[in-house]
Amino acid sequence: MGQARVSGATRLVSEPVLAAVVLGLVAAVLWSNLAPDIQGELTATGVRIGTTQARRQFGVDGWFAVVAAGGGLVLGTIVFARHRSRPVGALVVLAVAGLVAAAVQWSVGVLLGPAPVDEAAAELPAGSSISVPLELNAPAMLLVWSIAAVVGALLVAAFLDDRERWSPRLSRRERSGPSWQR
């Protein structure tokens with residue numbers, strides 16, 4: 001029985017997406033641990049967040065962006081270094097894989113953060129302090145992964161001089177020159 005060969009196009013799509021999911025999981029753990037803990041006061045009508053604590057929400061979004069930028073750079077450099085023979089396809093796949101990684105980081109990070117207020121508040125009296133769940137208030141932060149991945153790819157392209165790899169493959173006849181020179 002012969003081995004099944006994976007085509008270059010399939011590899012170009014599957015490897016970055018798989019890497020994005022794995023890096024997104026790592027980024028979610030980092031984000032949930034690095035983001036500041038926001039405390040709210042439990043009232044009869046819900047949870048009230050004071051001005052000082054509301055300012056800390058910027059830190060939650062900021063840490064998401066910092067972790068996403070680092071992950072995007074790693075994703076972009078690794079994937080583009082591996083698939084630089086197809087630069088346009090690699091850049092398109094990196095942009096999409098960055099969105100996948102951002103979605104994984106966001107959704108898993110929220111799950112790893114503090115419990116939803118409804119669950120935690122059921123057992124506490126009014127006036128108690130409660131941790132507010134992680135929340136991404138700036139949806140534009142989801143684009144940081146893709147932008148950083150493309151920047152990482154551009155850094156690889158800038159520092160590796162491999163123009164021959166981007167040229168089309170020539171047949172023996174084309175390499176030997178025109179027939180009148182033989």
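Quick note: the coordinates plus some simple rules give every number you see, no bench work behind them. Being a predicted model, the structure only gives us computed values, none of them experimental. Counting neighbours? That spans all protein chains shown, and the Cβs are built from the backbone with ideal geometry, glycine included.
Remark: segment 1-130 is approximated by an ellipsoid whose semi-axes, taken from the C-alpha gyration tensor as √(5λ), come to 41, 16, 9 Å, largest first. Each residue in W145, W31, W63, W106 was given a count of other beta-carbon atoms within 10 angstrom of its own, and listing them fewest first yields W63, W106, W31, W145. Taking the number of Cβ atoms within 10 Å of each Cβ as an exposure proxy, the fewest-first ranking of F58, F159 is F159, F58.
Footprinting exposure proxy ranking of S32, S129, fewest other C-beta atoms within 10 angstrom first, gives S129, S32.
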